[in-house]
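What follows is one structure encoded as structure tokens, with my remarks underneath.
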Amino acid sequence: MVDVHKSFGDAHIIRGVSLELRQGERHAVIGPNGAGKSTLFHLVSGQFAPSSGQIFLGDRPIHGLQAREINRLGLARSFQITNIFPGLTVFENLRFGVMRRFGLQYNFWRPVSRLREVTRETEHLLEQIRLAKHSNNLAGEMSYSEQRSLEIGMTLASDPKVLLLDEPMAGMSREETEYTIGLIRDLTKERSLMLVEHDMDVVFSISDRISVLVYGQIVATGTPDEIRNNAQVQEAYLGAEVKA
């Protein structure tokens, strides 16, 4: 994205953000509450259109496109709040996402060969997100961390090249967090990941680069070590506990 601004009336939320997500990297965006992180994700994924500036997916401009159009171009995101169908099984949740990728959800006449392909893709996703043994369980009856894993799987159902995860570890225990870190590492191989996360242990362990957003502006971007030792970042956000 290049010099992106977003205002709501007189409220200027994003103020001239330029940010690059490199191919194959895991890039975290951190900052205090109210910094504009969720708004930034809304802009990249098409929920909001920027007031000014440009956003690209590869070489293609995507600012102003609808979210579903951006998804078809290879970008998918999860949300802070778990977004699954609790009354459906784990398999049915994933199959629905895969069917959308194949354009079958509104098609009454479905070729059997395409349905078999959907089933194969769904079973593969189940293995990837480590939920194969829960295939026939109702999604709403699983643990919170398992539901978050399922949501990540549904995000991957469109086979995106770029993945946006919004606070995937929120509300998790330390054990659940460690499990999810490993899952994200596995699932983002050969994909580009942009991550918003408040758990600094997660951010510093999983990220190739980190950008710090404060009051709608990027104040620093660098490797975890560079961010950890950046005096401006320490003052603006991180605090003394991460200086060591």
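Positive-end ranking of His134, Ile14, Thr180 along the dipole of the chain, with charges on Cβ about the Cα centre, is headed by His134. With r as the distance between the Cβ atoms of His12 and Glu69 and R0 = 22 Å, compute the FRET efficiency 1/(1 + (r/R0)^6) and round to 0.05. E(calc), rounded to 0.05, equals 0.25. For segment 182-229, a simple Cβ point-charge model (Lys and Arg +1, Asp and Glu -1, everything else neutral) yields a dipole of about 120 debye relative to the Cα centre.
Only helices enter the 222 nm calculation for the chain: every DSSP H run of n ≥ 4 contributes -39,500 (n - 2.57), and dividing by all residues gives -10000 deg cm²/dmol, rounded to 500.
Residue separation of Lys133 and Arg174 scaled by 0.36 nm, minus their Cα-Cα distance, works out to 12.5 nm of gained length.
Exposure proxy ranking for Thr177, Thr89, based on other Cβ atoms within 10 angstrom of each Cβ and starting from the fewest, stands as Thr89, Thr177.
Cβ crowding within 10 Å ranks Asp166, Asp3 as Asp3, Asp166, fewest other Cβ atoms first. Length gained on full extension, Phe102 to Tyr144: 12.2 nm, using 0.36 nm per residue less the C-alpha separation. Computed from the C-beta positions of Glu190 and Gln234 and an R0 of 30 Å, the FRET efficiency is 0.30 to the nearest 0.05.
Charge dipole (Cα centre; +1 on Lys/Arg Cβ, -1 on Asp/Glu Cβ; no other charges) of the chain amounts to roughly 860 debye. Rounded to the nearest 10 degrees, what's the angle between the helix 174-187 long axis and the longest principal axis of the chain, both from Cα atoms, 0 to 90? Result, in degrees: 70.
Pick out, from Met1, Ala170, Thr223, the residue whose Cα sits farthest towards the positive end of the charge dipole of the chain, with +1 on the Cβ of Lys and Arg and -1 on the Cβ of Asp and Glu. Toward the positive end, the furthest listed residue is Met1.
Taken together, the values in this text are just the output of simple stated rules run on the coordinates, not laboratory data. These numbers come from a predicted model, not from an experiment. Note that each Cβ is placed from the backbone with ideal geometry, even for glycine, and that neighbours are counted across all protein chains shown.
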